[in-house]
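Here's the structure we're looking at; comments come further down.
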Amino acid sequence: MFKGILIEKDEAGYRASLTHLDEAALPEGDVTVRVSHSTLNYKDALAITGKGPVVRKFPMVPGIDLAGTVEHSTHADYRTGDAVILNGWGVGETHWGGLAQKARVHGNWLVPLPPQFTPQQAMAIGTAGYTAMLCVLALERHGITPDHGEILVTGAAGGVGSVATAVLTRLGFQVVAVSGRPAEADYLKSLGAVEVLDRAMFTTPGKPLGKERWAGAVDVVGSHTLANVCATTKYGGVVTACGLAGGMDFPATVAPFILRGVTLAGIDSVMCPRTVRMEAWRRLGTDLDLSKLAAISKEVGLSEVMPLATQLLNGEVRGRVVVDVN
Ligand code: NDP
């Protein structure tokens, strides 16, 4: 038996509880991992609270991220004792996830723990941080360099936003952060933001085109915010869209794309090909200041996850949450 969070949905309703799970109930897979750390991402909070249709099979162990040690493997690339991490691939949605002391997964989903990080640090980055790096890679792929101008990061005090702010700053970009929490302005400046703008400037309907300002953007909010970010991006700029914290809709016009050549780059971490993942983790190893990572993250135990999930969806959690599952 091992400890884990279990989400159930039946006549008694939708609920998540910390419980003891039987190893015999683990799903199919060729690698069994003794989990040391997991995380709490926005998607995990949706799954745990039932506020979003994340879980597609019940009962489900949530947790889209895990770090741990291989306990048993029939996969050619992994042996007992190997340190590994996992992000996405439907884990915590359709396949039991990381918010438990054990997981059984497909070896092809695993990535060796990058040597620069402890398991705790890898989970302080987690899917949110790896997604932030996917956004940075997309900006680079489209030719955006620091001399092009300012990069806007929305939802900046959250997980993706905090890591994006720290990494872009380290790469020499001028980062302008957008946040609904004025109290976090000093935190965002400590990560490197040169200016912090009030979220309210972006969350209401705007004009199809506004004054050109951003060379690029990392948007985690969606809805009017994404539309306004596109409308104020400079000629030839690139907006990376990875989130929906403000809504799933996109009430925009094509004006920024057809009149200013703005590129809207979609970012997905879940099914992202392995080569791109490996590159993102390699770059996190070189381009994320570990002292900033410590400021971005806090650690909790499994029993604290449920109340934190509600707080996270209320926008009350700063940066990243690491879960020590033991
Ligand atoms: P967090 O909750 O840590 O951060 C989200 C931030 O968005 C909040 O901290 C807040 O920042 C801001 N925010 C919250 N609600 C609103 C609102 N109603 N309007 C405007 N801003 C708001 O989440 P994560 O950083 O983990 O994830 C961010 C988004 O990215 C989520 O939608 C998540 O689903 C998505 N995501 C997508 C991935 C992909 O593969 N495409 C992978 C990872 C995440 P502040 O207080 O500073 O305003």
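Each value in this text was obtained by applying a stated rule to the coordinates, not by laboratory testing. Everything numeric in this text was worked out from a predicted model, so none of it was measured. Because the Cβ atoms are built from the backbone with ideal geometry, glycine has one as well, and the counts that use them run over all protein chains shown.
From the Kirkwood radius over Cα pairs of the range 43-94, Stokes-Einstein at 4 °C and 1.567 mPa s returns a whole-number translational diffusion coefficient of 105 µm²/s. Once you divide the Cα radius of gyration of the range 35-178 by 2.2 N^0.38 Å, the number left is 1.15. A quarter of the convex hull surface defined by the alpha-carbon atoms of the range 6-66 gives 4.8 nm² as the mean projection.
Across the range 235-326 the C-alpha pair distances fall into 10 Å bins from zero in the proportions 12, 26, 37, 20, 5, 0 percent. Take the Cα pairs of the range 173-234, get the Kirkwood Rh, then feed it into Stokes-Einstein at 25 °C and 0.890 mPa s and tell me D in µm²/s. This corresponds to a translational diffusion coefficient of 203 µm²/s. Counted over all Cα-Cα pairs of the range 127-266, pairs farther apart than 23 Å make up 22 percent. Of all DSSP beta bridges confined to the chain, the antiparallel ones make up roughly 55%. Among THR74, THR263, THR127, sorting on how many other beta-carbon atoms sit within 10 Å of each Cβ, with the fewest leading, yields THR74, THR263, THR127.
Relative contact order for the chain: what is it in percent, counting Cα pairs under 8 Å that are at least 6 residues apart? Over the chain, the number comes to 19 percent. Split the chain at each of the GluC sites (Glu not before Pro) in a DSSP loop with at most 13 other beta carbon atoms within 10 Å, and the longest piece is 29-315. The value obtained for the chain, namely the Cα convex hull volume divided by the number of residues, is 123 Å³ per residue.
The H on the amide N of HIS106, modeled in the peptide plane, is under 5 Å from the matching H of ASP30, each at least 5 residues off or on a different chain. The mean sequence separation of alpha-carbon pairs under 8 Å and at least six residues apart, normalised by the residue count of the range 127-266, gives a relative contact order of 22 percent.
Contact order, relative form, for the range 1-152: 25 percent (alpha carbon pairs under 8 Å, 6 or more residues apart, mean separation divided by residue count).
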